[in-house]
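What follows is one structure encoded as structure tokens, with my remarks underneath.
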Amino acid sequence: MRVQVAIVGGGPAGHLLGQLLYKAGIDAVIIERQTGDYVLGRIRAGVLEQVCIDLMDEAGVGKRMHAEGLVHGGFDMLFKGERHRIDMNRLTGGKNLMVYGQTEVTRDLMDARKAAGLTTIYEASNVTVHDFDTAKPRVRYEKDGQTHEIECDFIAGCDGFHGVCRASAPRSAIREYEKIYPFGWLGILSNTPPVHEELIYANSPRGFALCSQRSPTRSRYYLQVPLTDKVEDWSDEAFWQELRLRLDPEARAKLVTGPSIEKSIAPLRSFVTEPMRFGRMFLAGDAAHIVPPTGAKGLNLAATDVKYLSSALIEFYQDKTEAGIDNYSERCLRRIWRAERFSWWFTGLMHRFPENGEIGQKFQEAELDYLIHSEAGARSVAENYVGLPLNFGE
Ligand code: APR
Ligand code: PHB
């Protein structure tokens, strides 16, 4: 098989790229290790910035998102037993976020791909990437006991944190930055109405908690837990009990509980790879960077990498210029580091770090107190949380 772009990985990044390239008349194939159902079964955050909403529209898949997505103009921060609203909309001159699950984003992209008759190779095993330091890269994979090869002009590494593309870049050409946090997030999904119409980020003496949602009838909640905890140790009842203890009295009284339909523990990590281009192979999304989930920036960053990459490839084919390709890594990394900085900072603000001692706790409380009582402080939180514009600083 020969295509212009071989996309390794069929998560949201790979699928969004596939759709944007298709719209521009560029021929691409997606090679995915898992089945489509497996990909859709992964529960991830679902808070879309305006740039991500615009990209879904540009890709021609925004219809259901606009019909079912929930527009949020603010969120609550809870500390010392009291909730304080960050009025994002007012503080940012009218910007909002959209709550729409990553599963739904991926499903809409998959459906559009299928409707357009585009090729996705699912259950491809032993995927390997070759010759991306030449003008004729190749991707090899196995399926149904046979080895296949795809010739292409470019490889897009959209294969997530554990993918093969980053791992295939020459070690001498790559620099990785990493921070692992000393706790995880235990998450529960349940068919219960959300405790509040907006999200609540809670810093309680028992640890962080987050009240999120997927729809008016489906909730997503998280608890900060020690890395040593196992998901089997947490019955639904124990989860709800602990969540209640981390909320304010009003939310505690309003909380509707029910059986979990998904329960998992995720570690928290900050991670960035530099650069994101190796000859004719590009990394995008989780393949190149991970943020801790506080602030839900992961999907939004993946989407903006894809925006820059699709623009660069479209320029290459239509305008015969390599300027976009040459700028890709630098352009992405500027945006990524800003979001990495915010996600790290917001994680530090809202979680408990006993290792920082009593003085660390006092500093945290003073910072929270400052942020919500200062217009400048609150605006800085809101501006980053809502997402900085694509052309920020340009
Ligand atoms: N070959 C083919 N596909 C692979 C390989 C491989 N060797 N390794 C991984 N994959 C696939 C995975 O099965 C997965 O479907 O690549 C896809 C990567 O998808 P994601 O991990 O969802 O990453 P990405 O598309 O970049 O989306 C970023 O994920 O972690 C969240 O918060 C993050 O929302 C953000 C989103
Ligand atoms: C989620 O809904 O899963 C979610 C929302 C906001 C976050 C993280 C996760 O900051």
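The values are calculated or read from the model by the stated rules, or taken from the named source; none is laboratory data. Owing to the predicted nature of the structure, the values given are computational and were not obtained by experimental measurement. Here Cβ is always computed from backbone atoms with ideal geometry, including for glycine, and neighbour counts include all displayed protein chains.
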Tell me which of these Ile180 doesn't satisfy, since it passes every other one: (1) touching a strand residue (DSSP E or B) at 6+ places or on another chain (Cβ under 9 Å); (2) hydrophobic (A, V, I, L, M, F, W, C); (3) outside any loop (DSSP other than H, G, I, E, B); (4) surrounded by 19 or more Cβ atoms within 10 Å (Cβ to Cβ).
-> (4)
Qualifying positions in region 128-149 - of a type in the set (A, V, I, L, M) and either on the phi > 0 side of the Ramachandran plot or crowded, with 22+ Cβ neighbours inside 10 Å (or both) | Val129, Val139
Enumerate the pairs (first residue in region 271-291 and in contact (Cβ under 8 Å) with a residue 60 or more places away in the chain; second residue anywhere and in a strand (DSSP E or B) and β-branched (Val, Ile, Thr)) with beta-carbon separation below 6 Å, excluding pairs fewer than 6 apart on the same chain, so at least 6 apart or on different chains.
-> Phe271/Ile290; Met281/Ile155; Ala288/Thr273
Ile86 under 18 Å from Leu17 (Cβ atoms), in contact (Cβ under 8 Å) with a residue 12 or more places away in the chain and touching a Phe, Trp or Tyr at 6+ places or on another chain (Cβ under 9 Å) | no
Taking into account only those residues within region 272-324 that are of a type in the set (D, E, K, R) and within 16 Å of ligand 2 (Cβ to nearest atom), which is farthest from Ile200 (Cα to Cα)?
-> Asp286
Within region 256-263, is there a residue that is assigned to a helix (DSSP H, G or I), at pLDDT 95 or above and in contact with an Asp or Glu (Cβ under 7 Å, 6 or more places away or on another chain)?
-> no
With the condition kept exactly as written, say whether any residue in region 271-282 is more than 14 Å from Gly11 (Cα to Cα), of a type in the set (Ser, Thr, Tyr) and within 11 Å of the chain's Cα centre (by Cα).
-> no
Out of Gly357, Gly393, report the one residue that is modelled with pLDDT under 95, on the phi > 0 side of the Ramachandran plot and either part of a loop (DSSP other than H, G, I, E, B) or not basic (Lys, Arg) (or both).
-> Gly393
Picking from Pro267, Pro293, the residue that is part of a loop (DSSP other than H, G, I, E, B) and surrounded by fewer than 24 Cβ atoms within 10 Å (Cβ to Cβ) would be Pro293
For region 200-210, indicate whether the set of residues that are of a type in the set (S, T, N, Q), on the phi < 0 side of the Ramachandran plot and within 14 Å of ligand 2 (Cβ to nearest atom) is non-empty.
-> yes
Before we move on, is Arg113 within 16 Å of ligand 1 (Cβ to nearest atom), in contact with a strand residue (DSSP E or B) (Cβ under 8 Å, 6 or more places away or on another chain) and basic (Lys, Arg)?
-> yes
Do any helices (runs of 4 or more DSSP H) lying entirely in region 48-153 carry at least 3 residues that are among the acidic types (Asp, Glu), and which ones are they?
-> 50-58, 102-115
Out of all the residues in region 171-185, is one or more over 30 Å from Met88 (Cα atoms) and small (Gly, Ala, Ser)?
-> yes
Residues (under 23 Å from Thr294 (Cβ atoms) and within 16 Å of ligand 1 (Cβ to nearest atom)) located in region 40-54 | Arg42, Ile43, Arg44, Ala45, Gly46, Val47, Leu48, Glu49, Val51, Cys52, Ile53
